[in-house]
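The values are calculated or read from the model by the stated rules, or taken from the named source; none is laboratory data. Given the structure is predicted, the values throughout are model-derived calculations rather than measurements. Don't worry about glycine lacking a Cβ; one is built from the backbone with ideal geometry, like all the others, and counts go over all protein chains shown.
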Amino acid sequence: MARKHAMDLPLLLGNQLCFAIYSTAHAFNRVYKPLLKRLGLTYPQYLVMLVLWECDGVPLKDVGERLHLDSGTLTPLLKRLEAAGLIKRTRSSEDERQVLIALTPQGQALREKARAVPQSILAASACSIGELSAMKNEIVALRDRLNAALGE
């Protein structure tokens, strides 16, 4: 391996925070995959369900904002969830342009099955709830600062 110079340190893969977050996201996905397979969900679908379990019957725009997804990315996810019988999409009676997303009884029932997912992730992380919460808060603050730097 080539000798490392001090001026090359910023260019080393192991020194990149973005790579640490990226590779950690992949590790999370590998842990989530079998858990969510039991629920019949992909990770992005699980995120949509989390939003709806928290607040049902919300506009598509609100779901997209919560998940930082545009409607072009969100619409195919919602179509698959609707085809699976977990959600229904309806036009608002007050504003025809607005699509409301609501859980079906099957989607509401899935919430009970999903209750084991966070405990499984906690166990796999070998961290305390406090440690994970502190990490999440730091990552969210970093995301918000990065978005602010972009004018978002």
> If you scan the range 107-131, which residues turn out to be more than 16 Å from Leu50 (Cβ to Cβ) and surrounded by 10 or more Cβ atoms within 10 Å (Cβ to Cβ)?
Replying inline: Ala123, Ala124, Ser125, Cys127, Ser128, Ile129, Glu131
> Which of the residues spanning the range 124-152 are over 19 Å from the mean Cα position of the chain (by Cα) and either β-branched (Val, Ile, Thr) or within 20 Å of Asn29 (Cβ to Cβ) (or both)?
Replying inline: Ala126, Cys127
> How many residues does the range 24-64 contain that are farther than 19 Å from Pro76 by Cβ, among the small types (Gly, Ala, Ser) and without any contact (Cβ under 8 Å) to a residue 40 or more places away in the chain?
Replying inline: 2
>> I need every pair where a residue in the range 105-121 that is on the phi > 0 side of the Ramachandran plot and without any contact (Cβ under 8 Å) to a residue 40 or more places away in the chain has its Cβ under 7 Å from the Cβ of a residue that is surrounded by 13 or more Cβ atoms within 10 Å (Cβ to Cβ) and not charged (D, E, K, R), sequence separation at least 6 or different chains.
In response: none
> For Ser92, which of the numbered conditions (1) surrounded by fewer than 14 Cβ atoms within 10 Å (Cβ to Cβ); (2) modelled with pLDDT of 95 or more; (3) among the polar types (S, T, N, Q); (4) in contact with a Leu (Cβ under 7 Å, 6 or more places away or on another chain) fails to hold?
Replying inline: (2)
